Amino acid sequence: MSLSIDLGPAPIRAPARISLPAEKPHLVGLGREALAQALEKAGVPAKQVRMRTAQIWHWLYVRGVSDFSAMRNISKDLREKLISEFDISRPEIVEEQISVDGTRKWLLRYPPRGAGRPVEVEAVYIPEKGRGTLCVSSQVGCTLTCTFCHTGTQRMVRNLTAGEIVGQLLIARDRLGDFPAHDTPDGAIVPGEGRLVSNVVMMGMGEPLYNYDNVRDALAVVSDGDGLAISKRRITLSTSGVVPMIRPTGEEMGVGLAISLHAVRNDLRDILVPINRKYPLEQLLEACRTYPGASNARRITFEYVMLKDVNDSDEEARELVRLLKGIPAKINLIPFNPWPGSNYGCSDWDRIERFAAIVNEAGYASPIRTPRGRDILAACGQLKSESERMKKTERMAAGAAA
(Lines give C-alpha, C1' and ligand atoms only; values in the text may rest on other atoms or scores of the structure.)
Protein backbone atom coordinates (compact mmCIF):
# COMPACT_ATOMS: atom_id res chain seq x y z
CA MET A 1 0.00 0.00 0.00
CA SER A 2 1.27 3.48 -0.78
CA LEU A 3 0.15 6.97 0.15
CA SER A 4 -0.34 9.44 -2.69
CA ILE A 5 -0.59 13.12 -1.83
CA ASP A 6 -2.09 15.74 -4.14
CA LEU A 7 -0.14 18.89 -3.31
CA GLY A 8 -2.22 21.49 -5.04
CA PRO A 9 -5.58 22.35 -6.51
CA ALA A 10 -4.32 22.20 -10.10
CA PRO A 11 -5.12 19.05 -12.10
CA ILE A 12 -2.41 16.39 -12.23
CA ARG A 13 -1.89 16.79 -15.96
CA ALA A 14 -1.22 20.20 -17.48
CA PRO A 15 -2.20 21.03 -21.05
CA ALA A 16 0.37 20.06 -23.64
CA ARG A 17 1.12 23.73 -24.22
CA ILE A 18 0.64 26.66 -21.88
CA SER A 19 1.09 30.37 -22.40
CA LEU A 20 3.76 31.85 -20.14
CA PRO A 21 5.47 35.21 -19.92
CA ALA A 22 9.00 35.54 -21.30
CA GLU A 23 11.47 33.37 -19.42
CA LYS A 24 13.71 34.99 -16.85
CA PRO A 25 17.21 33.57 -16.30
CA HIS A 26 17.22 30.97 -13.54
CA LEU A 27 19.96 31.42 -10.94
CA VAL A 28 19.70 27.96 -9.39
CA GLY A 29 22.45 25.73 -10.73
CA LEU A 30 24.83 28.53 -11.71
CA GLY A 31 28.35 28.34 -10.32
CA ARG A 32 29.66 31.25 -8.29
CA GLU A 33 31.41 32.87 -11.25
CA ALA A 34 28.38 32.57 -13.51
CA LEU A 35 26.14 33.89 -10.73
CA ALA A 36 28.43 36.90 -10.26
CA GLN A 37 28.39 37.59 -13.99
CA ALA A 38 24.58 37.43 -14.07
CA LEU A 39 24.33 39.94 -11.22
CA GLU A 40 26.81 42.33 -12.81
CA LYS A 41 24.98 42.11 -16.14
CA ALA A 42 21.75 42.97 -14.32
CA GLY A 43 23.29 46.17 -13.00
CA VAL A 44 24.56 45.24 -9.54
CA PRO A 45 27.50 47.61 -8.89
CA ALA A 46 30.84 45.91 -9.51
CA LYS A 47 32.07 46.65 -5.99
CA GLN A 48 29.03 44.83 -4.56
CA VAL A 49 28.99 41.80 -6.83
CA ARG A 50 31.20 39.57 -4.70
CA MET A 51 29.24 40.29 -1.52
CA ARG A 52 25.85 39.92 -3.21
CA THR A 53 26.93 36.64 -4.82
CA ALA A 54 27.87 35.24 -1.41
CA GLN A 55 24.60 36.43 0.12
CA ILE A 56 22.41 34.96 -2.61
CA TRP A 57 24.39 31.71 -2.58
CA HIS A 58 23.83 31.41 1.17
CA TRP A 59 20.10 32.07 0.89
CA LEU A 60 19.66 29.58 -1.96
CA TYR A 61 21.68 26.67 -0.66
CA VAL A 62 22.07 27.09 3.11
CA ARG A 63 18.74 28.68 4.02
CA GLY A 64 16.84 27.09 1.14
CA VAL A 65 14.69 30.04 0.13
CA SER A 66 12.85 30.15 -3.18
CA ASP A 67 11.70 33.78 -3.02
CA PHE A 68 13.96 36.82 -3.21
CA SER A 69 11.73 38.67 -0.76
CA ALA A 70 12.94 36.31 1.99
CA MET A 71 16.56 37.46 1.58
CA ARG A 72 16.41 39.85 4.51
CA ASN A 73 19.99 41.14 4.47
CA ILE A 74 19.56 42.45 0.92
CA SER A 75 18.05 45.92 0.44
CA LYS A 76 14.43 46.15 -0.64
CA ASP A 77 15.38 47.95 -3.87
CA LEU A 78 17.82 45.22 -4.86
CA ARG A 79 15.34 42.48 -3.94
CA GLU A 80 12.78 44.08 -6.23
CA LYS A 81 15.35 44.25 -9.00
CA LEU A 82 16.25 40.59 -8.52
CA ILE A 83 12.56 39.64 -8.63
CA SER A 84 12.13 41.48 -11.92
CA GLU A 85 15.30 40.05 -13.50
CA PHE A 86 15.68 36.46 -12.29
CA ASP A 87 13.89 33.26 -11.30
CA ILE A 88 14.75 31.02 -8.33
CA SER A 89 11.51 29.02 -8.17
CA ARG A 90 11.31 25.30 -7.58
CA PRO A 91 9.90 22.81 -10.07
CA GLU A 92 6.23 22.03 -9.53
CA ILE A 93 5.46 18.91 -7.51
CA VAL A 94 2.74 17.16 -9.49
CA GLU A 95 2.53 14.17 -7.17
CA GLU A 96 4.23 12.79 -4.10
CA GLN A 97 3.99 9.11 -3.25
CA ILE A 98 5.16 7.48 -0.02
CA SER A 99 5.92 3.77 0.07
CA VAL A 100 5.17 1.49 2.99
CA ASP A 101 8.95 1.33 3.56
CA GLY A 102 9.28 5.14 3.78
CA THR A 103 10.65 5.66 0.28
CA ARG A 104 9.32 8.84 -1.33
CA LYS A 105 8.87 9.51 -5.03
CA TRP A 106 8.19 12.94 -6.49
CA LEU A 107 6.85 13.58 -9.97
CA LEU A 108 8.24 17.01 -10.85
CA ARG A 109 7.15 19.30 -13.67
CA TYR A 110 9.43 21.86 -15.30
CA PRO A 111 8.09 24.75 -17.39
CA PRO A 112 8.69 24.98 -21.14
CA ARG A 113 12.10 25.99 -22.48
CA GLY A 114 12.08 27.94 -25.70
CA ALA A 115 9.37 26.55 -27.97
CA GLY A 116 9.08 23.30 -26.02
CA ARG A 117 6.45 21.84 -23.71
CA PRO A 118 6.41 21.39 -19.95
CA VAL A 119 8.27 18.20 -19.03
CA GLU A 120 8.18 15.84 -16.07
CA VAL A 121 10.76 13.69 -14.30
CA GLU A 122 10.85 11.58 -11.17
CA ALA A 123 13.19 11.75 -8.17
CA VAL A 124 13.28 9.26 -5.30
CA TYR A 125 14.34 9.57 -1.66
CA ILE A 126 15.40 6.38 0.13
CA PRO A 127 15.70 6.61 3.93
CA GLU A 128 18.17 4.23 5.57
CA LYS A 129 19.64 3.85 9.02
CA GLY A 130 22.16 6.65 9.50
CA ARG A 131 21.72 8.14 6.03
CA GLY A 132 19.28 9.13 3.34
CA THR A 133 19.89 8.83 -0.40
CA LEU A 134 18.34 10.96 -3.12
CA CYS A 135 18.17 9.35 -6.57
CA VAL A 136 18.35 12.18 -9.12
CA SER A 137 17.37 12.25 -12.80
CA SER A 138 19.55 13.83 -15.48
CA GLN A 139 17.32 13.59 -18.56
CA VAL A 140 13.65 13.50 -19.45
CA GLY A 141 13.42 10.02 -20.90
CA CYS A 142 16.44 8.09 -22.13
CA THR A 143 18.12 7.14 -25.39
CA LEU A 144 19.60 3.83 -24.25
CA THR A 145 16.57 1.48 -24.39
CA CYS A 146 17.98 -1.02 -21.88
CA THR A 147 15.47 -3.83 -22.18
CA PHE A 148 15.02 -4.49 -18.44
CA CYS A 149 14.55 -0.80 -17.53
CA HIS A 150 11.17 0.96 -17.44
CA THR A 151 12.75 4.35 -18.19
CA GLY A 152 14.17 2.84 -21.38
CA THR A 153 10.64 2.49 -22.74
CA GLN A 154 10.18 6.27 -22.61
CA ARG A 155 11.48 8.17 -25.59
CA MET A 156 14.11 10.81 -25.02
CA VAL A 157 12.65 14.30 -24.62
CA ARG A 158 15.56 16.51 -23.57
CA ASN A 159 18.46 16.99 -21.19
CA LEU A 160 17.83 18.65 -17.85
CA THR A 161 19.72 21.87 -17.13
CA ALA A 162 22.09 22.14 -14.19
CA GLY A 163 19.43 24.14 -12.34
CA GLU A 164 16.76 21.51 -13.00
CA ILE A 165 19.08 18.83 -11.62
CA VAL A 166 19.92 20.87 -8.50
CA GLY A 167 16.22 21.66 -8.11
CA GLN A 168 15.50 18.01 -7.33
CA LEU A 169 17.73 18.20 -4.26
CA LEU A 170 16.14 21.49 -3.19
CA ILE A 171 12.67 19.94 -3.45
CA ALA A 172 13.75 16.93 -1.38
CA ARG A 173 15.22 19.12 1.33
CA ASP A 174 12.08 21.28 1.32
CA ARG A 175 9.76 18.31 1.74
CA LEU A 176 11.90 16.58 4.35
CA GLY A 177 12.51 19.70 6.43
CA ASP A 178 16.23 19.59 5.71
CA PHE A 179 16.56 23.37 5.56
CA PRO A 180 16.42 25.56 8.71
CA ALA A 181 13.15 25.17 10.57
CA HIS A 182 11.80 28.68 9.95
CA ASP A 183 11.87 27.97 6.22
CA THR A 184 10.29 24.53 6.51
CA PRO A 185 7.11 24.23 4.41
CA ASP A 186 3.90 23.17 6.09
CA GLY A 187 3.55 19.41 6.30
CA ALA A 188 7.26 18.62 5.96
CA ILE A 189 9.08 16.28 8.31
CA VAL A 190 11.62 18.11 10.49
CA PRO A 191 14.68 16.00 11.34
CA GLY A 192 15.62 15.68 15.00
CA GLU A 193 19.30 15.98 14.16
CA GLY A 194 21.54 15.96 11.12
CA ARG A 195 20.57 16.09 7.48
CA LEU A 196 18.14 13.59 6.04
CA VAL A 197 19.57 13.88 2.52
CA SER A 198 23.17 12.83 3.05
CA ASN A 199 23.90 11.02 -0.23
CA VAL A 200 23.14 11.71 -3.89
CA VAL A 201 23.13 9.14 -6.67
CA MET A 202 22.82 10.06 -10.33
CA MET A 203 20.79 6.93 -11.01
CA GLY A 204 17.39 8.32 -11.93
CA MET A 205 15.99 8.87 -15.40
CA GLY A 206 18.51 9.23 -18.21
CA GLU A 207 22.19 8.60 -18.89
CA PRO A 208 24.19 11.24 -16.96
CA LEU A 209 27.20 11.09 -19.26
CA TYR A 210 25.03 12.01 -22.25
CA ASN A 211 24.30 15.25 -20.38
CA TYR A 212 27.85 15.70 -19.17
CA ASP A 213 28.21 19.49 -18.89
CA ASN A 214 24.95 20.04 -17.02
CA VAL A 215 25.60 17.13 -14.66
CA ARG A 216 29.13 18.36 -13.98
CA ASP A 217 27.93 21.89 -13.24
CA ALA A 218 25.08 20.67 -11.05
CA LEU A 219 27.31 18.41 -8.96
CA ALA A 220 29.77 21.27 -8.46
CA VAL A 221 26.93 23.22 -6.82
CA VAL A 222 25.72 20.19 -4.85
CA SER A 223 29.21 19.48 -3.47
CA ASP A 224 30.12 23.09 -2.63
CA GLY A 225 31.11 23.13 1.04
CA ASP A 226 29.53 26.54 1.66
CA GLY A 227 26.14 25.53 0.30
CA LEU A 228 24.40 22.20 -0.10
CA ALA A 229 27.64 20.58 1.07
CA ILE A 230 27.17 16.98 -0.06
CA SER A 231 30.69 15.53 -0.01
CA LYS A 232 31.95 14.14 -3.32
CA ARG A 233 32.53 10.89 -1.44
CA ARG A 234 28.78 10.75 -0.92
CA ILE A 235 27.91 11.37 -4.58
CA THR A 236 27.81 8.48 -7.05
CA LEU A 237 27.28 8.75 -10.79
CA SER A 238 25.98 5.68 -12.61
CA THR A 239 26.62 5.16 -16.30
CA SER A 240 25.66 2.41 -18.69
CA GLY A 241 29.08 2.76 -20.26
CA VAL A 242 29.74 5.99 -22.17
CA VAL A 243 33.41 5.11 -22.30
CA PRO A 244 34.92 8.39 -23.61
CA MET A 245 33.37 10.37 -20.75
CA ILE A 246 34.39 8.07 -17.87
CA ARG A 247 37.89 9.46 -17.38
CA PRO A 248 36.74 13.12 -17.56
CA THR A 249 34.14 12.26 -14.91
CA GLY A 250 36.90 11.27 -12.51
CA GLU A 251 39.12 14.20 -13.40
CA GLU A 252 36.50 16.98 -13.41
CA MET A 253 33.77 15.75 -11.05
CA GLY A 254 35.73 13.53 -8.68
CA VAL A 255 32.64 11.57 -7.63
CA GLY A 256 32.13 7.87 -7.10
CA LEU A 257 31.55 5.78 -10.22
CA ALA A 258 28.95 3.06 -10.72
CA ILE A 259 28.71 0.94 -13.85
CA SER A 260 25.38 -0.48 -15.00
CA LEU A 261 26.91 -3.82 -16.08
CA HIS A 262 24.26 -6.59 -15.96
CA ALA A 263 26.04 -9.08 -18.23
CA VAL A 264 29.48 -10.67 -18.61
CA ARG A 265 29.27 -11.49 -22.32
CA ASN A 266 29.09 -9.00 -25.16
CA ASP A 267 26.33 -10.90 -26.97
CA LEU A 268 24.02 -10.73 -23.95
CA ARG A 269 24.99 -7.22 -22.93
CA ASP A 270 24.28 -6.06 -26.49
CA ILE A 271 20.65 -7.01 -25.79
CA LEU A 272 20.31 -5.88 -22.17
CA VAL A 273 22.37 -2.67 -22.47
CA PRO A 274 22.48 -1.77 -26.19
CA ILE A 275 25.19 0.90 -25.76
CA ASN A 276 27.48 -2.13 -25.45
CA ARG A 277 27.39 -2.43 -29.24
CA LYS A 278 29.27 0.88 -29.41
CA TYR A 279 31.44 0.46 -26.31
CA PRO A 280 31.90 -3.27 -25.64
CA LEU A 281 32.94 -4.80 -22.34
CA GLU A 282 36.65 -4.74 -23.11
CA GLN A 283 36.66 -0.96 -23.61
CA LEU A 284 34.37 -0.34 -20.65
CA LEU A 285 36.44 -2.36 -18.19
CA GLU A 286 39.68 -0.75 -19.37
CA ALA A 287 38.16 2.66 -18.68
CA CYS A 288 37.28 1.45 -15.19
CA ARG A 289 40.84 0.21 -14.55
CA THR A 290 42.17 3.69 -15.26
CA TYR A 291 39.40 5.68 -13.53
CA PRO A 292 41.03 8.56 -11.62
CA GLY A 293 40.76 8.14 -7.87
CA ALA A 294 39.69 4.49 -7.88
CA SER A 295 41.31 2.57 -5.02
CA ASN A 296 40.53 -0.08 -2.44
CA ALA A 297 39.23 2.75 -0.26
CA ARG A 298 37.11 4.11 -3.09
CA ARG A 299 35.92 1.23 -5.17
CA ILE A 300 33.92 1.31 -8.38
CA THR A 301 30.44 -0.13 -7.97
CA PHE A 302 29.24 -2.59 -10.59
CA GLU A 303 25.45 -2.91 -10.73
CA TYR A 304 24.13 -6.28 -11.78
CA VAL A 305 20.38 -6.84 -12.07
CA MET A 306 19.41 -10.47 -11.43
CA LEU A 307 17.26 -11.75 -14.29
CA LYS A 308 15.89 -15.26 -13.99
CA ASP A 309 17.53 -17.72 -16.41
CA VAL A 310 19.16 -14.83 -18.28
CA ASN A 311 22.33 -13.74 -16.46
CA ASP A 312 22.26 -15.53 -13.10
CA SER A 313 24.18 -18.80 -13.55
CA ASP A 314 27.22 -19.96 -11.53
CA GLU A 315 29.30 -19.72 -14.70
CA GLU A 316 28.37 -16.06 -15.14
CA ALA A 317 29.26 -15.33 -11.51
CA ARG A 318 32.72 -16.83 -12.07
CA GLU A 319 33.15 -14.89 -15.31
CA LEU A 320 32.19 -11.68 -13.50
CA VAL A 321 34.98 -12.32 -11.00
CA ARG A 322 37.42 -12.92 -13.85
CA LEU A 323 36.42 -9.76 -15.72
CA LEU A 324 36.84 -7.52 -12.67
CA LYS A 325 40.28 -8.79 -11.74
CA GLY A 326 42.55 -5.82 -11.01
CA ILE A 327 39.71 -3.31 -10.59
CA PRO A 328 38.97 -2.01 -7.07
CA ALA A 329 35.33 -3.04 -7.14
CA LYS A 330 32.21 -4.03 -5.31
CA ILE A 331 29.21 -5.65 -6.95
CA ASN A 332 25.65 -4.61 -6.14
CA LEU A 333 23.29 -7.46 -6.96
CA ILE A 334 19.87 -6.02 -7.72
CA PRO A 335 16.81 -8.27 -7.66
CA PHE A 336 14.85 -7.35 -10.78
CA ASN A 337 12.03 -4.95 -10.02
CA PRO A 338 9.01 -5.75 -12.21
CA TRP A 339 7.15 -3.07 -14.14
CA PRO A 340 4.10 -3.15 -16.43
CA GLY A 341 4.89 -4.87 -19.73
CA SER A 342 8.29 -6.24 -18.78
CA ASN A 343 9.38 -9.54 -20.34
CA TYR A 344 11.78 -10.45 -17.52
CA GLY A 345 11.42 -12.15 -14.16
CA CYS A 346 13.46 -11.85 -10.98
CA SER A 347 15.93 -14.61 -10.16
CA ASP A 348 14.89 -16.93 -7.35
CA TRP A 349 16.27 -15.88 -3.99
CA ASP A 350 18.44 -18.98 -3.52
CA ARG A 351 19.91 -18.39 -6.98
CA ILE A 352 20.78 -14.80 -6.05
CA GLU A 353 22.39 -15.96 -2.81
CA ARG A 354 24.43 -18.61 -4.65
CA PHE A 355 25.61 -16.01 -7.17
CA ALA A 356 26.59 -13.68 -4.31
CA ALA A 357 28.45 -16.47 -2.52
CA ILE A 358 30.64 -17.14 -5.56
CA VAL A 359 31.52 -13.47 -5.86
CA ASN A 360 32.12 -13.14 -2.11
CA GLU A 361 34.41 -16.18 -2.05
CA ALA A 362 36.56 -14.45 -4.68
CA GLY A 363 37.07 -11.50 -2.32
CA TYR A 364 34.54 -9.02 -3.69
CA ALA A 365 31.81 -7.46 -1.59
CA SER A 366 28.52 -8.34 -3.24
CA PRO A 367 25.61 -7.00 -1.22
CA ILE A 368 22.13 -7.90 -2.39
CA ARG A 369 20.24 -4.66 -2.68
CA THR A 370 16.98 -4.65 -0.76
CA PRO A 371 14.24 -3.47 -3.14
CA ARG A 372 12.78 -0.17 -1.93
CA GLY A 373 9.60 1.56 -3.05
CA ARG A 374 8.38 -1.22 -5.32
CA ASP A 375 4.76 -0.50 -4.41
CA ILE A 376 5.04 3.02 -5.87
CA LEU A 377 7.27 2.04 -8.84
CA ALA A 378 10.21 3.86 -7.23
CA ALA A 379 12.71 1.00 -7.22
CA CYS A 380 15.74 0.66 -9.46
CA GLY A 381 14.72 0.54 -13.14
CA GLN A 382 11.09 1.52 -12.51
CA LEU A 383 11.14 5.30 -13.06
CA LYS A 384 9.20 6.76 -15.92
CA SER A 385 7.24 9.96 -16.57
CA GLU A 386 4.60 10.69 -19.16
CA SER A 387 6.36 13.57 -20.93
CA GLU A 388 5.85 13.44 -24.66
CA ARG A 389 8.78 13.40 -27.01
CA MET A 390 9.55 16.82 -28.44
CA LYS A 391 9.53 17.29 -32.17
CA LYS A 392 12.96 17.82 -33.64
CA THR A 393 12.29 21.52 -34.30
CA GLU A 394 11.20 22.02 -30.68
CA ARG A 395 14.35 20.31 -29.32
CA MET A 396 16.51 22.55 -31.50
CA ALA A 397 14.69 25.68 -30.35
CA ALA A 398 14.89 24.63 -26.69
CA GLY A 399 18.60 23.92 -27.03
CA ALA A 400 19.23 27.33 -28.56
CA ALA A 401 17.35 29.01 -25.71
CA ALA A 402 19.29 27.16 -22.95
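The values are calculated or read from the model by the stated rules, or taken from the named source; none is laboratory data. Please read all numbers here as calculations on a predicted model, not as lab measurements. Neighbour counts run over all protein chains shown; Cβ positions are idealised from the backbone, glycine included.
Which count do you get for residues in the range 99-148 that are under 26 Å from residue 234 (Cβ atoms), in contact with a Phe, Trp or Tyr (Cβ under 9 Å, 6 or more places away or on another chain) and assigned to a strand (DSSP E or B)?
Counting residues in the range 99-148 that are under 26 Å from residue 234 (Cβ atoms), in contact with a Phe, Trp or Tyr (Cβ under 9 Å, 6 or more places away or on another chain) and assigned to a strand (DSSP E or B) gives 14.
Looking for whichever is surrounded by fewer than 21 Cβ atoms within 10 Å (Cβ to Cβ), over 18 Å from the mean Cα position of the chain (by Cα) and not assigned by TED's automatic domain parsing to the domain that holds residue 179 here; the options are 112, 45. Which one fits?
Answer to the check: 45.
Which numbered condition in (1) of a type outside the set (Lys, Arg); (2) modelled with pLDDT under 95; (3) farther than 30 Å from residue 308 by Cβ; (4) surrounded by fewer than 24 Cβ atoms within 10 Å (Cβ to Cβ) is the only one that residue 128 fails?
(3)
Can you confirm whether the range 310-322 contains a residue that is touching a Pro at 6+ places or on another chain (Cβ under 9 Å), assigned by TED's automatic domain parsing to the domain that holds residue 233, outside any loop (DSSP other than H, G, I, E, B) and more than 16 Å from residue 363 (Cβ to Cβ)?
Let us first name the residues in the range 310-322 that are touching a Pro at 6+ places or on another chain (Cβ under 9 Å), namely none.
Checked against the condition, which is being touching a Pro at 6+ places or on another chain (Cβ under 9 Å), assigned by TED's automatic domain parsing to the domain that holds residue 233, outside any loop (DSSP other than H, G, I, E, B) and more than 16 Å from residue 363 (Cβ to Cβ), the range 310-322 yields no hits at all.
Among the numbered conditions (1) touching a helix residue (DSSP H, G or I) at 6+ places or on another chain (Cβ under 8 Å); (2) under 17 Å from residue 149 (Cβ atoms); (3) outside any helix (DSSP H, G or I), tell me where residue 276 comes up short.
(3)
Which members of the range 39-61 meet the condition of being assigned to a helix (DSSP H, G or I) and farther than 19 Å from residue 222 by Cβ?
Hits for the range 39-61 are 39, 40, 41, 46, 47, 48, 49, 50, 51, 52, 55.
The rows are residues; the columns are (1) under 20 Å from residue 282 (Cα atoms); (2) in contact with a Phe, Trp or Tyr (Cβ under 6 Å, 6 or more places away or on another chain); (3) surrounded by fewer than 16 Cβ atoms within 10 Å (Cβ to Cβ); (4) not β-branched (Val, Ile, Thr).
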| site | (1), (2), (3), (4) |
| --- | --- |
| 302 | yes, no, no, yes |
| 309 | no, no, yes, yes |
| 317 | yes, yes, no, yes |
| 325 | yes, no, yes, yes |
| 335 | no, no, no, yes |
| 341 | no, no, yes, yes |
| 352 | no, no, no, no |
| 369 | no, no, no, yes |
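Among the residues of the range 122-161, which ones are under 11 Å from the mean Cα position of the chain (by Cα) and not β-branched (Val, Ile, Thr)?
122, 123, 125, 134, 135, 137, 138, 139, 160, listed by residue number.
Taking the range 279-309, which residues are in a helix (DSSP H, G or I) and of a type outside the set (A, V, I, L, M)?
Residues of the range 279-309 that are in a helix (DSSP H, G or I), as a first pass: 281-289.
Of everything in the range 279-309, those that are in a helix (DSSP H, G or I) and of a type outside the set (A, V, I, L, M) turn out to be 282, 283, 286, 288, 289.
Within the range 376-392, is even one residue modelled with pLDDT of 95 or more and closer than 23 Å to residue 284 by Cα?
no
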